[in-house]
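Input: a single structure, listed below in structure tokens.
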Amino acid sequence: MPLPQIHFHDHAPKVQQIVEAFAHAIEQGELAAGSKLPSVRELGAQLGVGKFTVNEALDRLRGQHLLTSRQGRGHFVAQRQTQPSSSNWVDLLPQDLLSVLRRPMLTGQGELRPGGGHLPEDWLDSEALRQALRSVVRAPSLRVAGMGTPAGFLPLRQALQQKLQGDGLAVPVEQIITTPSTLQGLDMLMRLLARPGDTVLLDAPCYFNFHANLALHGVKVVTLPRGPEGFDLAALEQLLAEERPSLYVTTSILHNPTGHSFSAAQAFGLLQLMRQHHCHIIEDDLYGDLHPNPPPRLAALAGLEQVTYLAGFSKTLSANTRVSYVVAAPQLAANLTNMKLMSGGVTSELFEQLVYRLLSEGSYARHRKRMVQRLLEAGTRVEQWLRRCGCELPMGYEAGMFIWARLPAGVNGEQLAEAGLKRGMVLAPGALFGYEPGVGDFMRFNVAHCDDPRVRQAIEQLLR
């Protein structure tokens, strides 16, 4: 059998060069399916390497399903598997315009992402993350075998306890439960607190995955318009009396998509009405750390018997840092821990130790301070630019990642987003965030991405 010709160089290990050469030969059909390779000794002699190098290369090729081995008979080129045309999972998903526009925001597709929900990679402290990860991997405290504890890595929960105390929420560590994401935390809370047919209140507009998640639980969703002044309390009281919702899911600080935060007065009025009508609040505080001077959290004002608190680090550290947490009343925290254990939702201790190290060594606080200031500066520039483009900003720009803007008269948000997607640009039209009349005139802009001159130029071209 003719083997691939390999001219070894010093830029990569010999094992890697052998694997790449054989993989290429197999994929190109130069090594026919079913053909037998020479023995390990013969391969080593022909390639000029030792048997350990040959065995390592063969193991990797088997791991890539390019070779098979048969006891006592040697190694053979594997049969190539053809994929059915229907194997592309995207083809099996809904193909309506809003679904098509939503997917790039969840998958990372698109070179330019003014509608994205995360910060650009060059805004993140990647070096601190890498250093912390290397330290965690080398630390003897990392358990390689087994899995994380159901409630979460205790030192991390203790660090979160200190962080929460600084945010005005003093709570025992037993009531802090880690989750892989805030959305998974919400999903578990819905299973514990709601039943099919219950009424749940959402802001209008709101994060589109809230609608999608609640639909999975079979609840009735009722929305209440959220404007610059918060809610019309009289309208809210009437809605509570008529619909009798059992839960209200909201983001109190730097709301997605509007960037609005409840003032203390708005929060007190809201909490009083919710208490009177026995409506429990789930507070999503995923963006609070992006605010330079955040107002009080609802959970800090009302306590955990009335408000269950969700937060995480995907917006501040990295979307790949899958560590979030729930802070709940004692019985609910115990039930949540039990549900994590039953549903396989135990979080990765590797990531929990990573976040713990960043919190305890001060890296997170320094990164947060730099990021908040940078967002404020970018937000001011983007706000001025949007106004020059003819957009109206009913909420203005307060802080954080998002600006909610009404597009110039005659511009359709969905059509604009569709045109942008064809150019490799991800936009977030208002129709993604609600169904109410007029929401289609709006668009959510990520100030970090929109501070890029390439993005501004591309959007200006679309608006012409």
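The values are calculated or read from the model by the stated rules, or taken from the named source; none is laboratory data. Remember, it's a predicted structure, so these values are computed and weren't measured experimentally. Backbone-built Cβ (ideal geometry, glycine too); neighbour counts: all protein chains shown.
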Scan the range 289-332 for residues that are without any contact (Cβ under 8 Å) to a residue 40 or more places away in the chain and among the charged types (D, E, K, R) and report the count.
1
Verdict on Leu354 being crowded, with 18+ Cβ neighbours inside 10 Å, over 22 Å from the mean Cα position of the chain (by Cα), farther than 19 Å from Ala264 by Cα and of a type outside the set (Phe, Trp, Tyr):
no
Where the second residue is in a helix (DSSP H, G or I) and the first is farther than 30 Å from Arg406 by Cβ and lies in the range 364-386, which pairs have Cβ atoms under 7 Å and are six or more apart or on separate chains?
Tyr364/Leu358; His367/Ala128; Arg368/Asp289
Tell me which residues, restricted to the range 303-345, are surrounded by fewer than 19 Cβ atoms within 10 Å (Cβ to Cβ), touching a helix residue (DSSP H, G or I) at 6+ places or on another chain (Cβ under 6 Å) and aliphatic (A, V, I, L, M).
Met339
Tell me, which residue of the range 340-354 that is out of contact with any Gly (no Cβ under 8 Å at 6 or more places or on another chain) and small (Gly, Ala, Ser) is farthest from Arg143 (Cα to Cα)?
Ser343
Read through the list (1) part of a helix (DSSP H, G or I); (2) closer than 14 Å to Ala399 by Cβ, then give the number of the only condition that Leu271 fails.
(2)
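Is it the case that the range 359-372 has a residue that's under 19 Å from Ser135 (Cα atoms) and touching a strand residue (DSSP E or B) at 6+ places or on another chain (Cβ under 8 Å)?
Checked the range 359-372: no residue is under 19 Å from Ser135 (Cα atoms) and touching a strand residue (DSSP E or B) at 6+ places or on another chain (Cβ under 8 Å).
Go through the range 145-166 and report how many residues are at pLDDT 90 or above and surrounded by fewer than 18 Cβ atoms within 10 Å (Cβ to Cβ).
Step one: filter the range 145-166 for residues at pLDDT 90 or above, giving 151-166.
Still in the list and also surrounded by fewer than 18 Cβ atoms within 10 Å (Cβ to Cβ): 154-155, 158, 162-163, 165-166.
The number of residues fulfilling the criteria is 7.
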Just to be sure I understand the filter: pairs with C-beta atoms under 8 Å, separated by 6 or more residues or on different chains, first member in the range 153-171 and farther than 11 Å from Arg297 by Cβ, second member aromatic (Phe, Trp, Tyr) and surrounded by 17 or more Cβ atoms within 10 Å (Cβ to Cβ). Which pairs pass?
Phe153/Tyr356; Pro155/Tyr356; Leu156/Tyr356; Arg157/Tyr325; Ala159/Tyr356; Leu160/Tyr325
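Here is a list: Tyr207, Tyr248. Which entry is modelled with pLDDT of 95 or more, aromatic (Phe, Trp, Tyr) and touching a helix residue (DSSP H, G or I) at 6+ places or on another chain (Cβ under 9 Å)?
The match here is Tyr248.
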Tell me which of these Leu407 doesn't satisfy, since it passes every other one: (1) farther than 25 Å from Asp203 by Cα; (2) buried (at least 18 other Cβ atoms within 10 Å of the Cβ); (3) in contact with a Phe, Trp or Tyr (Cβ under 8 Å, 6 or more places away or on another chain).
(1)
Verdict on Gln95 being at pLDDT 90 or above and on the phi < 0 side of the Ramachandran plot:
no
Checking the structure you have, find out if any residue of the range 179-186 is buried (at least 17 other Cβ atoms within 10 Å of the Cβ) and part of a strand (DSSP E or B).
yes
Take the conditions out of contact with any Leu (no Cβ under 7 Å at 6 or more places or on another chain) and more than 30 Å from Val137 (Cα to Cα) and apply them to Arg357. Does it pass?
no
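Could you list all residues from the range 209-230 that are in a helix (DSSP H, G or I) and either buried (at least 20 other Cβ atoms within 10 Å of the Cβ) or among the aliphatic types (A, V, I, L, M) (or both)? Walk me through how you get there before you give the answer.
At the first step, the residues of the range 209-230 found to be in a helix (DSSP H, G or I) are 209-216.
Result: Phe210, Ala212, Leu214, Ala215, Leu216.
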For residues in the range 231-246 being in contact (Cβ under 8 Å) with a residue 24 or more places away in the chain and of a type in the set (Gly, Ala, Ser), which is surrounded by the fewest Cβ atoms within 10 Å (Cβ to Cβ)?
Ala241
When residues of the range 267-297 are filtered for being more than 23 Å from the chain's Cα centre (by Cα), of a type outside the set (D, E, K, R) and within 20 Å of Leu189 (Cβ to Cβ), how many remain?
7
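Given Val200, Val171, which one is assigned to a loop (DSSP other than H, G, I, E, B), in contact with a strand residue (DSSP E or B) (Cβ under 8 Å, 6 or more places away or on another chain) and within 24 Å of Ala334 (Cα to Cα)? Steps first, please.
On the way: Val200 fails: assigned to a loop (DSSP other than H, G, I, E, B).
Going through Val200, Val171 in turn, just one is assigned to a loop (DSSP other than H, G, I, E, B), in contact with a strand residue (DSSP E or B) (Cβ under 8 Å, 6 or more places away or on another chain) and within 24 Å of Ala334 (Cα to Cα): Val171.
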Can you tell me which residues in the range 120-144 are surrounded by 12 or more Cβ atoms within 10 Å (Cβ to Cβ) and under 17 Å from Leu359 (Cβ atoms)?
Leu124, Asp125, Ala128, Leu129, Gln131, Ala132, Leu133, Ser135, Val136, Leu142
